[in-house]
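The values are calculated or read from the model by the stated rules, or taken from the named source; none is laboratory data. Values in this document were obtained by computation on a predicted structure and should not be read as measured data. Because the Cβ atoms are built from the backbone with ideal geometry, glycine has one as well, and the counts that use them run over all protein chains shown. Keep in mind that these areas ignore ligands, DNA and RNA; they rest on the heavy atoms of the full protein, side chains included. Shrake-Rupley method; radii C 1.70, N 1.55, O 1.52, S 1.80 Å.
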Amino acid sequence: MTAEGARTPEERQKARDDLLAYAFRALSGRALTEAELRTRLLRRTEDRALAEEVLARVQELGYQNDEGVARAENSRRGVGGFRVRQTLKRRGVEEGLIAETLAARDPGEEQADALALLERRWPSLARKRDPRASAYAFLARRGFAGSAIWAAIHEMSGRAEDLPDTGEAPGEDFPDPE
């Protein structure tokens with residue numbers, strides 16, 4: 001094939017069509033940010049202008065939209081705002097859009113998500129030596145803010161204290177034979 005700058009119009013159109021088909025295949029797997037799609041396109045061609053042209057066309061057709069990716073990431077259950085910020089930043093979303101996305105996040109909903117997640121995990125966490133510390137670490141790794149974590153821990157701890165105390169330690173269902 002000839003050098004990138006010396007392509008015939010037919011060769012350039014074929015390269016554009018091939019790159020456009022690749023972009024659609026890449027986007028059919030999962031929603032990609034502009035930065036992710038640009039990186040993938042540049043791996044397929046050395047012609048930066050062609051990659052930018054294909055990216056612009058895909059965006060014009062509505063197949064790639066960073067706002068949609070940010071909204072989808074923000075609506076994921078079981079992750080807090082810090083995780084959303086970290087994920088969007090890693091995926092190359094602009095800081096302004098990240099801030100806008102997180103501003104739309106409902107703190108009450110985040111606290112409810114933390115509580116729901118903790119409810120599912122509490123039986124295993126309650127068996128640990130320090131269940132509150134384990135619960136805090138678990139939710140912090142999921143990206144929840146400290147205020148949401150503590151509210152969920154206090155709620156679960158209160159529920160655990162409300163359970164009837166039988167006065168027996170676990171495993172004392174049967175008396176020791178003497």
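Summary table below
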read-out: Helix-derived mean residue ellipticity, 222 nm - over the chain, DSSP H n ≥ 4, -39500 (n - 2.57), to 500; value: -21500 deg cm²/dmol
read-out: Protein accessible area in the chain, 1.4 Å probe - carbon and sulfur %; value: 50 percent
read-out: For residue 127, net neighbour charge (Lys/Arg +1, Asp/Glu -1) across residues whose Cβ lies under 15 Å away; value: +4
read-out: Nearest-0.05 FRET efficiency for residue 49 and residue 112, computed from C-beta distance (R0 35 Å); value: 0.15
read-out: All Cα pairs of region 1-73, percent lying beyond 14 Å; value: 59 percent
read-out: Where a label projected 7 Å from the Cα of residue 77 along Cα→Cβ would reach, residues of region 112-156 with amide N under 13 Å; value: 112-120
read-out: Length added when fully stretched, residue 121-residue 30, from 0.36 nm per residue minus Cα-Cα; value: 29.9 nm
read-out: Rounded if a/c under 1.5, otherwise prolate or oblate - region 38-106, Cα gyration tensor axes; value: prolate
read-out: Pair residue 141, residue 60: separation of 7 Å Cα→Cβ label points (nm); value: 4.7 nm
read-out: Nearest-0.05 FRET efficiency for residue 13 and residue 155, computed from C-beta distance (R0 41 Å); value: 0.10
read-out: Cα extents of the chain along the three principal axes, largest first (Å); value: 95, 41, 21
read-out: Å² of accessible area per residue within the chain, as computed with a 1.4 Å probe and no ligands counted; value: 65 Å²
